[in-house]
Amino acid sequence: MRKIILLLSLFILNKSFAQLSGNKLSDKYVLVIHGGAGTILKSQMTPEREKAYQLALEKALQTGNDILKKGGTALDAVEACVRSMEDDPLFNAGKGAVFTNEGKNELDAAIMNGKTLGAGSVAGVTTIRNPITAARAVMEKSPHVMMTGAGAEKFASQQGLEIVDPSYFYTEARWQGLQRAKQEDSLKMKSDHADTARKSMLKQLENRDYKYGTVGAVALDRYGNLAAATSTGGMTNKKFGRIGDAPIIGAGTYANNNTVAISGTGWGEYFIRLVMAKSISDMMEFGKMKLKAAADEMIMKRLPALGGDGGLIAVDKEGNIAMPFCTEGMYRGFIKSNGEKVIKIYKE
Ligand code: ASP
């Protein structure tokens, strides 16, 4: 009998030790961010502008790094990174968002917790200063996953989030971007005598370079949890009520501790149709593919094959990183717990 009790207590002790070590804070963390993909060419960039982007990306990385280093969660880190870029007029998210055809700023954002598969998003909002924080509130403070327009704004205000006048989002550069997009549209209408389908295709092709600049962050924290966040103003000259891929869970944003955390940027309609982020997760989970192979298959092959373009950032449960894009460039960077830090803009 004493032997059994001894064995039993040894078993229990062993189990709680294993549990303890399982919860032990690891030293390892990884943070990856993007500031949008598109026709970003060194030949079209001034040194000042390049420096400004580098500094903005650096600031966002540093913000997230401080959180992860102290043992903060991936969720806190990705939200803070995205907020930092939402507040920076350089990016097409929060202040600096592009204009719709009607001259408004309609913002989309989403966040996902890889540990619980909890997710939240807001779409088409015009008065919430930091849409990513509203998305997190939807995830944590409501029974819902997605809220749009006036309802999302009412909810954000009830949650005590900062509400601003729509004019807060105005920037001269984005306003001029809308005027250029409209002008090109009307010129095209006058000169193009091709059939309607061709006309609309050409129009889409022209517009595609006006829609990039979205921001996103993905992280693996010291508890082994993954999270993803994305925020955008969508595409210049978009129609009223158009929603992109960023706030669609599984398209532009996805996180699952079993596989990967992903934030996308690019031609949203194609990311939605390809169910981009969840497809990569599924290829890893059910197809046993490695992150790089799965992400390349979707971004470098299937996306352009369908007629779209863009890129994404991803970190898997082991801390492997992928940052593929099939555009000219993508503002991107990562930082790891071992101190390795990279910030890049153009193709290699
Ligand atoms: N994916 C975004 C959208 O279509 C645009 C972007 O990434 O810049 O709304």
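What the table below lists for this structure:
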| quantity | calculated |
| --- | --- |
| The chain: translational diffusion in µm²/s, Stokes-Einstein, Kirkwood Rh over Cα pairs, 4 °C, 1.567 mPa s | 63 µm²/s |
| Cβ-derived FRET efficiency at R0 30 Å, residue 41 paired with residue 301, nearest 0.05 | 0.80 |
| Degrees separating the helix 196-207 axis from the principal Cα axis of the chain, which is the longest one | 60 degrees |
| Highest to lowest packing among 51-59, 129-137, 306-314, scored as the average C-beta count within 10 Å | 129-137, 306-314, 51-59 |
| Qualifying aspartates and glutamates (Cα of each under 17 Å from Cα of residue 317; at least 8 residues distant if same chain) | 27, 221, 282, 285 |
| Packing rank of 223-231, 66-74, where each peptide gets the mean count of other beta carbons within 10 Å, highest leading | 223-231, 66-74 |
| Shape of the range 38-148, Cα gyration tensor, a/c cut at 1.5 | oblate |
| Pairs from 141/341; 69/95; 42/336 whose Cα-Cα separation, in the structure shown, is over 31 Å | 141/341 |
| Helix 2-23 vs. the chain, principal-axis angle (Cα, 0 to 90°, nearest 10) | 20 degrees |
| Net charge of neighbours whose Cβ lies under 15 Å from the Cβ of residue 63, counting Lys and Arg as +1 and Asp and Glu as -1 | -3 |
| Per-pair calculated FRET efficiency, R0 = 25 Å: residue 341 and residue 165 via Cβ, rounded to 0.05 | 0.10 |
| Positive-end extreme of charge dipole, the range 284-348 - chosen from 291, 325, 338 (charges on Cβ) | 338 |
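A short reminder: the numbers here are calculations on the coordinates, not readings from a lab. Since we're looking at a predicted model, the values are computed, not measured. Note: ideal-geometry Cβ built from the backbone for every residue, glycine included; neighbour counts use all protein chains shown.
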